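The values are calculated or read from the model by the stated rules, or taken from the named source; none is laboratory data. Just so we're clear, the structure is a prediction, and the values are computed from it rather than from any experiment. Please note: Cβ atoms are built from the backbone with ideal geometry, for glycine as well, and neighbour counts cover all protein chains shown.
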Amino acid sequence: MKMFNAMLSGAVALACIASTAVAADGDAAAGKQKTAMCQGCHGIPDYKTVFPSVYRVPKLGGQHPGYIAKALQAYKSGERSHPTMRAIAAGLSDKDMADLGAYYATENTKTAGK
């Protein structure tokens, strides 16, 4: 059991390092050029969607770049199940995700998406 816990801790540490490395490679200027698909929902102030259920669409500005990249990777892999986000993420490379993360990290919540 101790060996398993040590291996699990090591795996978690590597995952954290990997997600930071992806975020560090992001190019905010390139990310800004890749936001067209994001703006349709995330760029509308106080937007609520009705598919697949009614919920508020979150603002992306000010998020940690690694979080954005990891969330997009989770949509692409199916770990997160929102059908629209999964379809959008399916066409993104890891570099695209890192660039988008870097861009949105530079934006604040009041200006992102405008």
Log entry, pairs with first residue in region 47-74 being closer than 18 Å to residue 88 by Cβ, second being assigned to a loop (DSSP other than H, G, I, E, B) and among the aromatic types (Phe, Trp, Tyr), beta carbons closer than 6 Å, six or more apart or on different chains, reads 57/47
So for region 40-63 (the condition being in a helix (DSSP H, G or I) and either surrounded by 20 or more Cβ atoms within 10 Å (Cβ to Cβ) or of a type in the set (Gly, Ala, Ser) (or both)), does at least one residue qualify? yes
Conditions (1) modelled with pLDDT of 85 or more; (2) touching a strand residue (DSSP E or B) at 6+ places or on another chain (Cβ under 7 Å); (3) of a type in the set (Val, Ile, Thr) -> residue 35 fails only (2)
Flagged pairs (Cβ under 9 angstrom, 6 or more apart or on separate chains; first in region 21-37, surrounded by 15 or more Cβ atoms within 10 Å (Cβ to Cβ); second modelled with pLDDT under 85) are 35/113
